[in-house]
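Throughout, read-outs are computed from the coordinates displayed, never taken from laboratory work. Computed from a predicted model, the values in this text were never measured in an experiment. Cβ sites come from the backbone with ideal geometry, for glycine too, and all protein chains shown count toward neighbours.
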Amino acid sequence: MNANEAMGSVQGWARAATGLGVSLVGALVVVQVLFPGAGIDIIGNIKDLVAMFSGLSGLITLLVLVAIMSPGRSGT
């Protein structure tokens with residue numbers, strides 16, 4: 001296995017883990033909307049996370065996250 005194959009494998013695993021995480025967050029938001037008092041406060045945690053990033057640092061963080069999460073990136 002050369003370095004390119006190893007990096008491709010790591011990128012594949014990272015994309016799979018990220019996709020799973022995004023799917024779980026979406027599912028937990030739906031569960032929280034349907035059953036407001038059950039479990040973890042996902043919507044509140046997302047709101048707190050967004051409030052943490054303000055100003056220019058928040059914009060840069062958002063741009064980096066969008067660049068990482070966009071499925072049509074070249075270089076794969």
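Residues D48, D41, ranked from the fewest to the most other C-beta atoms within 10 Å, line up as D48, D41. A simple spin-label model places the labels of M7 and V66 2.6 nm from each other, with each point 7 Å out along Cα-to-Cβ. As a rough footprinting exposure proxy, the listed residues V50, V66 were ranked by other beta carbons within 10 Å of their own, and the order from fewest upward is V66, V50.
Think of it as helices only: each DSSP H run of n ≥ 4 in the chain is worth -39500 (n - 2.57), and spread over all residues that comes to -26000 deg cm²/dmol at 222 nm.
Ranking of F35, F53 by neighbouring Cβ atoms within 10 Å, starting from the fewest: F35, F53.
Distance between the pseudo-spin-label points of V25 and M52 (7 Å out from Cα toward the beta carbon): 1.1 nm. Size descriptors for the chain (Cα atoms only): Rg and Dmax, in that order, 16.3, 51 Å.
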